[in-house]
Amino acid sequence: MDNNKLAELLFPNITKTPSDIESIYPKRNLKDGAKVTRFAPSPTGFLHIGGLFAAFIGERTARKTGGVFFLRIEDTDKKREVENGVTGIVKGIHDFGIEIDEGMLTETESVGNYGPYTQSQRKDIYQTFCKDLVIKGLAYPCFCTAEELAAVRENQEANKENPGYYGKYAKCREITFEEIEENIKNGMPYVVRLKSPGREDKRIKFDDQIKGEIEMPENVQDIVLLKTDGIPTYHFAHAIDDHLMGTTDVIRGDEWISSAPIHLQLFNVLGFETPRYAHISPIMKEDEETGGKRKLSKRKDPEAAVSYYHEVGYPKEAVLEYLLTIANSNFEEWRAENPDISRDEFDFKLSNMSKAGALFDLLKLTDISKNYICRLSKEEVYERTLEYAKAYNKEFAKLLEENKDYAIRIFGIERGNEKPRKDIAKWEDTVYYTKYFFEAPNSFEWPENLTKNDMSEILEKYKTVYSKDETAEDWFPKVRDMAEELGYAKAPKLYKKNPGDFKGHVGDVASVIRVAITGRKNTPDLYEIMQVLGYDEVINRIDKAISILK
Ligand code: GLU
């Protein structure tokens, strides 16, 4: 067959050659060892935590080497697309402080010289390369219908042969030019397939930067390059885009490992240098039902969606810090040794990533987040809480804005000292945390070992000793003295030795005061709380509690 004639028949509108295109995408001028990586999601609007993880790993890898990190939108599957899906992704990674050097910025705008960065705008580029493969006899049109393909498959299964479109089963490999011309004239839909040079008895090897050396059978399938609408498959688009855009390291989910033989073959057939691959294992979760592990699921686990972290208000710094923990298990140790250094200084390595899939643990994230938040200043906590509340809790935002100084003082309690308290794990928690400062309690977690009379007595007495100009040093000794006067042990130890001699100990007394003022058994430092509330409010609350106890 005259391949040139066939190529003209299939691609009459393609006038450029691959070298014309290559000249628009010159080799990147980067220093030795600089890595070019990319995040290449579909514009589904939904950013999975695994996607964020992959983007973060890509960004870290590029940054560390002085390379380039870009965002390419892979919209060749129109079925999966949603409106404003690009914005969801762009915002999703940006909100976590992952900045791109090139790629899509909004639904339509981009930055960088290696675009377009949206695959649907690169149709002519793919077709130019596909036309060239047809000219070289490495690709051909296939008119087989879905029914025909299914019949072939059934036959193969019955004969215990490998399923697919390959070798002798690749019927359209043999099709004549006249037949093709006729079919096209009749408007028959067709795909363009690769004429795979692979052999069933051959194997390929490649070095995955995370998984190590991988060996697999060579690809023999005549895979689809262009679908019936002329849009490329992921495979074909991946090879062309990552070549032209100068990607040195393809970092992606390990669901693509099984396709790697196809991709390596495509790079070969197209005459491109192959990139390095790093396949990330999925983030796993402990499955409560089975006790085993399973992939974090979009359907079952709210924390699978990146939006969850915004909605409940985990600070982005904590999430990234956590992702680094599951990316490189030595990060935690490094962090413990270097608590105040930017995480950018950590020597992140692809080769230290888990081969099996890191286990996602919300408790661990919560821990990291508490540690992060407890080191912020009271002003920072105020600003970040307000920013969160403006987006997710308007009423609370209003309260914070109207009581700015008061709120800052609340957030200042037990903060800025050597051992700051860790009450807040996520911004959502601040609603509960600040609640009793804004409204006197209506319910009370009274200690169970005291009677109502005992408690009233404590509160009556407390009113007489608590003074307007109370100092931190004087306050607790006063409570201790009054406890003793009322028949409570001055110290828990004393009480434990001779419980029969006392009504309780000073801790119980303090507890009653605490509950009367805040409603809660556990709070930050009571003295500081009272300072923030002010003398009159404290006395009002004590009075209210006494009347409730009566
Ligand atoms: N669009 C593919 C995906 O979302 C990208 C895989 C890759 O990074 O190459 O899974």
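Read the figures in this text as sums done on the coordinates, not as results from a lab. Quick caveat: nothing in here was measured; it's all calculated off a predicted structure. All Cβ positions, glycine included, derive from the backbone under ideal geometry; neighbour counts span all protein chains shown.
As a proxy for reagent exposure, 335, 541 were ordered by neighbouring Cβ count within 10 angstrom, fewest first; the result is 335, 541. Spin-label model, residue 438 to residue 485: label points 7 Å out along the Cα-to-beta-carbon direction sit 3.8 nm apart. For the chain, the calculated P(r) over all alpha carbon pairs, in 10 Å bins from 0 to the bin holding the longest distance, is 3, 14, 19, 18, 14, 10, 8, 6, 5, 2, 0 percent.
Could you pull out every residue, at least 5 positions away or on a different chain, whose amide H is within less than 5 Å of the one on residue 280? Hs are placed 1.01 Å off N in the peptide plane, and Pro or chain starts have none. For residue 280, the qualifying residues are 252, 253, 254. A Cα-only calculation for the range 49-95 places Rg and Dmax at 12.3, 37 Å. Which residues in the range 354-369 have a backbone N closer than 15 Å to a point placed 7 Å from the Cα of residue 82 along the Cα-to-Cβ line? Correct set: none at all. Distance from the alpha carbon centroid of the range 529-546 to that of the range 399-467 works out to 10 angstrom. Using amide H atoms built in the peptide plane, which far-off residues or other-chain residues are under 5 Å from residue 520 H to H? Here 445 satisfy the definition. Ranked by the mean number of other Cβ atoms within 10 Å of their residues, highest first, the peptides 235-242, 273-280 fall in the order 235-242, 273-280.
What order do you get for 33-44, 207-218 when each peptide is scored by the mean count of other beta carbon atoms within 10 Å, highest first?
The densest-packed peptide leads the list: 33-44, 207-218.
Looking at the chain, send over the antiparallel percent of its DSSP beta bridges, to the nearest 5. Here the share of antiparallel DSSP bridges comes out near 55 percent. Our coupling estimate for the range 3-18, obtained by passing each phi through the Karplus curve with A = 6.51, B = -1.76, C = 1.60 and θ = phi - 60°, is 4, 5, 5, 4, 4, 5, 5, 7, 10, x, 8, 8, 10, 7, 10, x Hz, Gly and Pro reported as x.
To test your reading of the geometry: what angle, between 0 and 90 degrees and rounded to tens, separates the Cα axis of helix 234-244 from the longest principal axis of the chain? Between helix and principal axis, roughly 90 degrees. Listed values for the range 266-274 are Karplus-derived 3J(HN,Hα) couplings in whole Hz (6.51 cos²θ - 1.76 cosθ + 1.60, θ = phi - 60°), namely 4, 4, 5, 4, 7, x, 9, 6, 7, and x replaces Gly and Pro. If the Kirkwood radius is taken over C-alpha pairs of the range 302-439, then at 10 °C and 1.306 mPa s the Stokes-Einstein diffusion coefficient equals 98 µm²/s. Taking the 0 to 90 degree range and rounding to the nearest ten, how far is the long axis of helix 146-158 tilted relative to the main principal axis of the chain, both from C-alpha atoms? Roughly 90 degrees between the two axes.
Highest first, please rank the peptides 93-103, 159-169, 493-503, 310-320 by the mean number of other Cβ atoms sitting within 10 Å of their residues. Don't skip to the end; give the middle numbers.
Details: 93-103: 18.2, 159-169: 14.4, 493-503: 12.7, 310-320: 19.9.
So the order, starting with the most tightly packed, is 310-320, 93-103, 159-169, 493-503.
You can think of it this way: the chain between residue 207 and residue 392 has 62.0 nm of extra reach, that is 0.36 nm per residue less the Cα-Cα gap. Counting Lys and Arg as +1 and Asp and Glu as -1 over every other residue whose Cβ lies under 13 Å from the Cβ of residue 478, the net charge comes to -3.
For residue 131, what is the net charge nearby, where nearby means another residue's Cβ is under 11 Å from its Cβ and Lys, Arg count +1, Asp, Glu -1?
Result for the neighbourhood of residue 131: -1.
With both partners inside the range 35-141, how many of the DSSP beta bridges are antiparallel, as a percent to the nearest 5? About 20 percent, rounded to the nearest 5. Relative to the longest principal axis of the Cα atoms of the chain, the long axis of helix 49-64 makes an angle of roughly 80 degrees. Residues whose amide H lies under 5 Å from that of residue 36, counting only those 5 or more places away or on a different chain, are 68, 248, 249; hydrogens are built 1.01 Å from N in the peptide plane. Applying 0.36 nm per residue to the separation of residue 404 and residue 25 and subtracting their alpha-carbon distance, the gain on full extension is 131.1 nm. Within 15 Å, Cβ to Cβ, of residue 289, how many net charges do the neighbouring residues add up to if Lys/Arg are +1 and Asp/Glu are -1? Local charge sum for residue 289: +2. Per-residue 3J(HN,Hα) values for the range 178-189, derived from phi via the Karplus relation 6.51 cos²θ - 1.76 cosθ + 1.60 with θ = phi - 60°, read 4, 4, 4, 4, 4, 4, 5, 4, 7, x, 6, x Hz in sequence order (x marks Gly and Pro). A straight chain from residue 377 to residue 158 at 0.36 nm per residue would run longer than the Cα-Cα distance by 71.8 nm.
Dividing the helix sum by the residues of the chain, where each DSSP H run of 4 or more adds -39500 (n - 2.57), gives a mean residue ellipticity at 222 nm of -13500 deg cm²/dmol.
Apply the a/c threshold of 1.5 to the C-alpha gyration tensor of the range 248-358 and tell me whether it is rounded, prolate or oblate. Walk me through the numbers before you get to the answer.
Details: a/c = 2.14, a/b = 1.36, b/c = 1.58.
It is oblate, given that a/c is not under 1.5 and a/b is not larger than b/c.
With contacts taken as Cα pairs under 8 Å at a separation of at least 6 residues, the chain carries a relative contact order of 11 percent. So which of 64/211; 419/452; 16/195; 398/426; 461/544; 79/131 end up more than 24 Å apart, counting from Cα to Cα? From 64/211; 419/452; 16/195; 398/426; 461/544; 79/131, over 24 Å: 419/452; 79/131.
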